[in-house]
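These notes are about the structure you will find just below.
Bear in mind that the values in this text are calculations on the coordinates, not laboratory data. All figures in this text were calculated on a predicted structure; none of them were measured in a lab. Methodologically, a virtual Cβ is constructed for each residue, glycine included, from the backbone with ideal geometry; neighbour enumeration extends over all protein chains shown.
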Amino acid sequence: MIQAQGLTKVYGAKTAVDHIDFEVRPGVVTGFLGPNGAGKSTTMRMILGLDHPTAGRVTVNGRRYRDLPAPLREVGALLEAKSVHGGRTAYNHLRCLAKANGISPRRVAETLDLVGLTEVAGKRAGGFSLGMAQRLGIAAALLGDPGVLLFDEPVNGLDPEGIRWIRQLMRSLAAEGRTVFVSSHLMAEMALTAERLLVIGKGRILADTTMSAFIAANASSHVRVRSPDLLALASLLTARGCRTAPAERGCLLVYGVSPAQIGDLAYAARLRLHELSVVQPSLEDAFMRLTADSVEFHAHARDAA
C-alpha cells in the first residue's frame, strides 16, 4: 500500500503538490490522472524518494522508500523508459540490477521472457526503439517480484499488441494482491485498465474514487443528432430549453432529453433526421469536465476554411 499524508512539494514560488492525502490500495489497478503540470510525476518521484517533500510524508507499506531494506524487492517502478546505459545489453542491464539487489540470474531470464525481450537480450539498449525500451523498463520494475508497482505512461511507444499485453499484465498483477499505480494520458486505455482513480489538478486531489463512480459523477449520456436541417433543429431544441453542443459537420450533441423527445419535436416541425443515437458517458468526458479549470495551456481550434 502507498499512503500520503499532507504531501507537499514547493519549487521556488511554485507549489507542485499541495498538501495531498491519498491511499493506493492493493488488489486493484489505481489510475493516476491529471493535466500536464498537475503534479503527477512529482508525486511519483516523492513516493520513490527521488524528490524530498517540502512537507508531509509518503510511505510504502508503512515505510519511507529510503528506509526499505530491499527496495527492488518491495517496489518496482517505470518512470523513464530511456534511463538505461545505452552501451549495456538488455540482459546486462537487468543482471547489474539483480546482482546489486541479491536477485538470482534465473530471475533475469524469467523477466526478459515475461516482457518478450528474450530474442534481443544480447542487443545494446541504446539501439532499442521506444517500445522495446518500455518493455525493458517494465522488466526492471518486475525484476524483484515486488508487491508495489508504479508505472508512468507505460504504453508509450507500444504497438496495439503491446498495449493489450501491458493492460492484461497490470490487471493480473493487481489480481495477485499487488498494489498497482499507473499514470497515463490515454483515457480510453485507462478506462479499460483501472478500477480506481486518483485525479490531481494544480497539485490538489480532485477525485479519489472508483472508475464507475467518477464517470457517473462527472459525465452524462447525451444524444448525437445528424440532420440536413441542423440549424433549424438546434434553434428549436434551444428554444425548448435543451443544452446543445456542436459536433462534426452536420451533427449536434443534445443533453438532457431523450431520442424519442427529439424525434417528436423534429417530426412536429417537419425537420429531417438522419441519425439519433445515445452516446454513453466516457472517462474522457468526465476527466475534461472535472479538470477544465486545472489545465495550464489551452489550445484553440482553427476556423474552418
Contour minus Cα-Cα span, residue 101 to residue 210, at 0.36 nm per residue, comes to 35.7 nm
Under 8 Å for C-alpha pairs, at least 6 residues apart: give me the relative contact order for the chain, rounded to a whole percent.
21 percent
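Output the relative contact order of the stretch 221-280, whole-number percent, from Cα pairs under 8 angstrom with separation of 6+ residues.
On the way: 96 pairs, mean separation 31.2, N = 60.
Here the relative contact order equals 52 percent.
Need one word for the stretch 221-280: rounded, prolate or oblate. Basis is the Cα gyration tensor (sqrt eigenvalues a ≥ b ≥ c); a/c below 1.5 gives rounded, then a/b vs b/c decides. If you can, show how the numbers build up before the last one.
On the way: a/c = 1.29, a/b = 1.14, b/c = 1.13.
It comes out rounded by the Cα gyration axes.
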Just rank 202, 40, 14, 123, fewest to most, by other beta-carbon atoms within 10 angstrom.
14, 123, 202, 40
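Among DSSP beta bridges whose residues both lie in the chain, state the antiparallel percentage, nearest 5. List each step's numbers first, then the result.
Working: 33 of 50 bridges.
That works out to approximately 65 percent antiparallel.
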Which of 40/82; 40/123; 14/40; 14/82 have a Cα-Cα distance over 25 Å?
40/123; 14/82
What spacing in nm lies between the two simple spin-label points modelled at residue 270 and residue 255, each 7 Å away from Cα in the Cβ direction?
3.3 nm
Check residue 29: other-chain or 5+ apart residues with amide H under 5 Å from its amide H, H built from backbone geometry?
195, 196
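Run through every distinct alpha carbon pair of the chain and return the Kirkwood hydrodynamic radius in angstroms, one decimal place. Don't skip to the answer; put the middle values down first.
Working: mean 1/r = 0.0458 Å⁻¹.
Every distinct Cα pair counted, the radius reaches 21.8 Å.
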Quickly work out the residue 195-to-residue 13 label distance, labels modelled 7 Å from Cα along the C-beta direction, and quote it in nm with one decimal.
4.6 nm
Across all Cα atoms of the stretch 1-159, Rg and the largest Cα-Cα distance (Dmax), in Å, are 16.4, 49
